[in-house]
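One structure is given here, and the rest of the page talks about it.
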Amino acid sequence: MSTRLTITIRRTALVAAASTSLLATPLAAQQNMADVEIETIELESDLFMLIGRGGNIGLSVGDDGAFLIDDQFAPLTDRIVAAVAAVTDEPVRWVLNTHWHGDHTGGNENLGEAGAMIVAHENVYRRMNPAEFEDLIGRSAQAPRAALPVVTFDNAVTFHWNGRHIRVTHVGTAHTDGDAIIHFPRANVFHMGDTFFNGRYPFIDIDSGGGVDGVIEAANFVLERSDEATRIIPGHGDLASPADLRAYRDMLETVRLRVAGMVADGRTADEVVAAAPTADLDEVWGANPERFVRAVYTSLAGS
């Protein structure tokens, strides 16, 4: 099935501004960066996963230049660039944001000013630039102009870069309303951004248009295109297999079914939380499920 492609080129002045590029990231997560080291995991000789603090990074390298998926926090940019330099002599040419949250876009301003082209879904641009959109619903924060995407897409876009076909697909209202899943077909690798929290309950950003059905849809999208050799970079957590993603999807479906039954019975959000619908799952997925349960409730109850 074909998808409509819309590419918008935005020419932004790469000027200094009061930095709010960390956006909606908790203050505690923005602090204590001095001891953070960037770990590089080789997937293929020209394809890597970088782990630091914040969202996991994907990296494609080659003669065309480095292609980065997400860039964590601004204070880590120098260390991320050093990790890139350890595997290629080429500079960062592209930064693809999987969504707008600051632990994935905090380095945009630094890398944009250094000459990288930033690309993301249209809703990422909107949420990082709410001053331009009076109709924008939900929580967002104004980023410096140098941090904004200069290329945006609607449904999908494909990069032909470093000898690879890098396929990027928007997956509706999942973690947010601007999520992108990236597929490296030849390597059999996906980067799922925060549509996948490996081994833990997810954060579903209802205020940014997210919803549990979209997170389940994102998992199924990747599983339908995977085999047992597929490797999956989650937004958070260790490098994953389809079995890990399948377990995550099954947990989501289980909790959704339980909460949906309580919504149908007319229970309030507080009553659903008190009923502990994840009690038998918490040992595996996390000890503090309330935020997740409330997000599932709101997704289904619409309030």
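The values are calculated or read from the model by the stated rules, or taken from the named source; none is laboratory data. Source: prediction; values computed, not measured. A quick note on method: Cβ atoms are made from the backbone with ideal geometry, for glycine too, and the neighbour counts reach across all protein chains shown.
When the stretch 216-240 is filtered for residues that are without any contact (Cβ under 8 Å) to a residue 60 or more places away in the chain and either assigned to a helix (DSSP H, G or I) or in contact with a His (Cβ under 9 Å, 6 or more places away or on another chain) (or both), the ones remaining, listed by number, are ILE216, GLU217, ALA218, ALA219, ASN220, PHE221, VAL222, LEU223, ARG225, ILE232.
So, in the stretch 269-291, how many residues would count as being farther than 15 Å from ASP250 by Cα, assigned to a helix (DSSP H, G or I) and under 21 Å from the mean Cα position of the chain (by Cα)?
Result for the stretch 269-291: 1.
If the condition is being free of Cβ contacts under 8 Å to residues at least 40 places away in the same chain and outside any loop (DSSP other than H, G, I, E, B), then the stretch 120-148 contributes PRO130, ALA131, GLU132. Among residues of the stretch 100-151 being among the acidic types (Asp, Glu) and closer than 15 Å to ASP177 by Cα, the one that is nearest to the chain's Cα centre (by Cα) is GLU122. Taken over the stretch 253-268, the residue count meeting the criterion of being of a type in the set (Ser, Thr, Tyr) and in a helix (DSSP H, G or I) is 1.
The stretch 35-106 holds strands (runs of 3 or more DSSP E) entirely within its bounds, and those carrying 1 or more residues that are free of Cβ contacts under 8 Å to residues at least 24 places away in the same chain and charged (D, E, K, R) map to 39-44. Using the structure shown, decide if GLU109 is at pLDDT 95 or above and either hydroxyl-bearing (Ser, Thr, Tyr) or buried (at least 23 other Cβ atoms within 10 Å of the Cβ) (or both). Yes: the conditions hold for GLU109.
With respect to (1) out of contact with any helix residue (DSSP H, G or I) (no Cβ under 6 Å at 6 or more places or on another chain); (2) buried (at least 19 other Cβ atoms within 10 Å of the Cβ), the lone exception for ALA264 is condition (2). Can you tell me which residue within the stretch 222-239, out of those that are of a type in the set (A, V, I, L, M, F, W, C) and over 15 Å from the mean Cα position of the chain (by Cα), is farthest from THR169 (Cα to Cα)? Of everything passing the filter in the stretch 222-239, ALA229 is farthest from THR169 (Cα to Cα). The single condition from (1) touching a Pro at 6+ places or on another chain (Cβ under 8 Å); (2) more than 29 Å from ALA174 (Cβ to Cβ); (3) of a type outside the set (Asp, Glu); (4) at pLDDT 95 or above that ASN97 fails is (2). For the stretch 135-156, residues that are within 24 Å of ALA114 (Cα to Cα) and either among the β-branched types (Val, Ile, Thr) or surrounded by fewer than 16 Cβ atoms within 10 Å (Cβ to Cβ) (or both) total 3.
From the list ASP250, ASP213, ASP244, ASP207, the lone residue that is touching a Lys or Arg at 6+ places or on another chain (Cβ under 7 Å), in a helix (DSSP H, G or I) and surrounded by fewer than 24 Cβ atoms within 10 Å (Cβ to Cβ) is ASP207.
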